[in-house]
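Data block below; observations after.
The values are calculated or read from the model by the stated rules, or taken from the named source; none is laboratory data. Note that the structure is predicted; figures quoted are calculated from it, not measured. Methodologically, a virtual Cβ is constructed for each residue, glycine included, from the backbone with ideal geometry; neighbour enumeration extends over all protein chains shown. Quick note on the areas: whole protein, heavy atoms, side chains included, nothing else; ligands and nucleic acids left out. Shrake-Rupley method; radii C 1.70, N 1.55, O 1.52, S 1.80 Å.
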Amino acid sequence: MKLDVFGRLVEITRSNNRWHTFYCGNEGKKRIAEDIKIPDNISESDVVGYVADLCHEWATSANPGVNVIAH
């Protein structure tokens, strides 16, 4: 899934029962989001809320939330 996390584009995937997070660049490149660690036991339905709680310091008046861009 792709999320707008308080103005930052983040892609989250799951493989081998583990969550993987990446920052997405404008030109299609990705890099590992070392600072966004999602525990393996978090369900897919709870990922958005977990990431919002984890990254809430990034909130600004222009980017006040976490939104799903693609699932």
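Before moving on, here are some points about what is shown:
- Pairs, first free of Cβ contacts under 8 Å to residues at least 12 places away in the same chain in region 2-31, second hydroxyl-bearing (Ser, Thr, Tyr) and buried (at least 16 other Cβ atoms within 10 Å of the Cβ), C-beta under 6 Å, six or more apart: 31/23
- Region 24-37, subset in contact with a strand residue (DSSP E or B) (Cβ under 8 Å, 6 or more places away or on another chain) and over 12 Å from residue 5 (Cβ atoms), residue most open to solvent (accessible area, probe 1.4 Å): 31
- For region 57-70, a residue qualifies if it is open to solvent by 40 Å² or more (accessible area, probe 1.4 Å) and within 11 Å of the chain's Cα centre (by Cα), and the qualifying residues are 67, 68, 69.
- Evaluation of residue 17 against the conditions (1) at positive phi; (2) within 12 Å of the chain's Cα centre (by Cα); (3) open to solvent by 40 Å² or more (accessible area, probe 1.4 Å) shows that the sole unmet condition is (2).
- Residue list for region 7-44, restricted to those being at pLDDT below 95 and small (Gly, Ala, Ser): 25, 28
- Residues of region 38-56 that are surrounded by fewer than 16 Cβ atoms within 10 Å (Cβ to Cβ) and not in a helix (DSSP H, G or I): 39, 40, 41, 42, 43.
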